[in-house]
Every structure is written in C-alpha cells, then in structure tokens.
Amino acid sequence: MKFARALLLGFGLCLAAGACTQAAPRELEYPPALTAAIAENRQFCEGAGGVFNLADSIEAADLNQDGAPDFILRDALLVCDGAASIFVGNSGGGVAIFDGANQAANAATLFQAGVHGYFVESSGGGSVVYILVGGPMCGRAPTGSRAGDSAVLCERPLHWNLDAGRIELSPLSDMRPFRPDFSGYK
C-alpha cells in the first residue's frame with residue numbers, strides 16, 4: 001500500500017509540474033468506465049479465441065487540469081494473440097479518453113473518435129492530446145471516397161471545454177500538418 005501511495009504521490013507531483021505523460025502504470029486505479037471498456041475488449045478478444053493483453057494501450061495524463069490522471073485508451077495498441085487484427089483494421093482504430101476522477105460506473109468517455117494515431121504534449125501546466133486525422137476533420141471537403149478523405153492527414157489538438165465538461169476538437173486554426181518523420185504517434 002505504501003508503494004501505491006508513493007507512486008500516486010510521485011505521479012501527482014509530476015502532473016503538477018506538467019511534465020509527465022506515460023504509459024499508465026497498473027498501480028493507478030482505473031475509473032470504472034475504463035475498467036468496463038477493458039473488460040468489454042477482453043471479452044471480445046477471448047470470444048474470438050485470442051489471448052488478451054493491454055500492452056501499452058493506456059496512457060495517463062492530466063488532460064482537464066483537475067490534478068487527477070485521465071486515461072487514454074488506444075485500441076490499436078491492444079493485443080489479442082491468436083486474433084491479431086480484431087481491434088483495428090488498416091485505418092488506424094480508435095482513441096477514447098476517460099476522466100480519472102469520475103468514479104461513476106456509468107460515466108461517459110470525455111472524448112472518443114476513430115483516428116490514425118495520437119500523441120500527448122505538455123502545455124501550460126497540463127497536457128494536450130493531438131489526434132492524427134484526415135479529410136473533413138482537417139478542413140477538407142468530403143470527396144465521397146473514404147480513401148480520398150483520409151489521404152491528407154493533420155494533427156488536431158483536443159481541448160477541455162469547462163462549460164460542457166468534456167474534451168473537444170480545437171478549432172481548425174489550431175491544426176498542424178502531418179509530420180511523416182515524427183516518431184511519437186501512437
């Protein structure tokens with residue numbers, strides 16, 4: 001128990017400094033909504049005859065500046081040995097963000113979308129998630145072709161909307177171009 005408290009205290013200090021984002025250590029208590037999502041994915045994998053493993057699919061960062069770690073679940077990083085492509089196809093998969101302070105069993109995700117990848121940057125005492133998306137989410141007119149819509153990628157930051165109590169896409173003016181040489185996408 002002392003180790004878990006020390007780990008949480010250290011993580012809290014790191015969050016307060018705005019300098020940490022990391023794979024979520026298993027010692028952190030996941031909110032019930034994330035625990036339910038993990039269980040659902042485990043059942044899906046095992047139902048297909050696979051062996052489930054979270055691997056590095058969960059990252060912790062304070063995204064809504066409440067001092068508690070929030071959790072990012074990247075389904076493309078889930079492992080299902082024996083049914084390898086069950087969680088993701090060739091278009092990237094999804095990302096879901098869970099409020100680490102919300103202990104309600106029926107809590108909604110703060111944000112969920114299909115993405116080509118994501119990364120987290122420290123910013124102004126907190127952390128910001130950038131999602132890698134394409135087409136209309138980058139301000140391009142839909143072409144009617146899924147391949148055409150995804151051909152031009154961009155990085156869109158997410159921001160905390162205090163009034164709505166959720167994480168949302170930032171305006172297109174905050175968009176960045178895709179960096180093919182950037183190795184931080186997950």
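Quick note: the coordinates plus some simple rules give every number you see, no bench work behind them. Worth saying up front: this structure is predicted, and the values here are computed from it rather than measured. Note that we place each Cβ from the backbone using ideal geometry, even for glycine, and neighbour counts take in every protein chain shown.
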Exercise. So, in nm, how far is label residue 107 from label residue 161 when the simple model puts each one 7 Å beyond its Cα toward the Cβ?
Worked result: 1.9 nm
Seminar exercise, completed: Under the rule rounded for a/c under 1.5, else prolate if a/b exceeds b/c, else oblate, using alpha carbon gyration tensor axes a ≥ b ≥ c, segment 38-186 is classed as oblate
Exercise. What ³J(HN,Hα) values, in whole Hz, does the Karplus curve 6.51 cos²θ - 1.76 cosθ + 1.60 give for segment 121-133 when θ = phi - 60°, with x put for Gly and Pro?
Worked result: 10, 6, 7, x, x, x, 10, 10, 8, 10, 9, 9, 10
